[in-house]
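Here the structure is laid out as structure tokens; the discussion comes afterwards.
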Amino acid sequence: MLRRARRHRGLAARRKMGFTPPVDDWLRADLAPLVQDTVLAPGAFVGEYVEPAVVARMFDEHRTRRANHRRVLWALLLLELWLRREQAHVARG
């Protein structure tokens, strides 16, 4: 056990490192269908706040790696999901 601690001595002295989730990759692959079915869907709640054609263009640019719009797309996805949840909550009364 002591040998292992000696081997990793440098780790204890190192500054704390954060972890950045690969949201940009998720939006290009695993979450792409969710973005299409929510944010880009006809009647999406976020369409009241942003121009749907601009969001569709940004999503296309992101998926084809012409630009990295992960921050905007991630924020719009979370906003759309939150708005849908709130709408369902209001509808239930």
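The values are calculated or read from the model by the stated rules, or taken from the named source; none is laboratory data. Model, not experiment: these values are computed from the prediction. Don't worry about glycine lacking a Cβ; one is built from the backbone with ideal geometry, like all the others, and counts go over all protein chains shown. Ligands, DNA and RNA are excluded from the accessible area calculation, which covers all protein heavy atoms including side chains. Shrake-Rupley method; radii C 1.70, N 1.55, O 1.52, S 1.80 Å.
Here are a few things to note about the model shown:
- Dividing the summed -39500 (n - 2.57) terms of all DSSP H runs of n ≥ 4 by the residue count of the chain sets its mean residue ellipticity at 222 nm at -18000 deg cm²/dmol.
- Over the chain, the pair-distance histogram of Cα-Cα distances with 10 Å bins from zero comes to 14, 35, 18, 13, 12, 7, 0 percent, rounded to whole numbers.
- Accessible surface, per residue, of the chain when the full set of protein chains is kept, probe 1.4 Å, Å²: 79
- Exposed loop sites here mean trypsin sites (Lys or Arg not before Pro) with a DSSP loop assignment and at most 12 other beta-carbon atoms within 10 Å; the chain contains its longest site-free run at 17-64.
- Global geometry of the range 43-89, whether rounded, prolate or oblate, following the gyration tensor of its Cα atoms and the 1.5 cut on a/c: prolate
- The range 9-93, accessible surface, carbon-and-sulfur percent (1.4 angstrom probe): 56
- Electrostatic tally near Thr38: other residues with Cβ closer than 10 Å to its Cβ, Lys and Arg +1, Asp and Glu -1, net -1.
- Excluding exposed DSSP-loop chymotrypsin sites (Phe, Trp or Tyr not before Pro) (at most 14 other C-beta within 10 Å), longest clean stretch of the chain: 50-93
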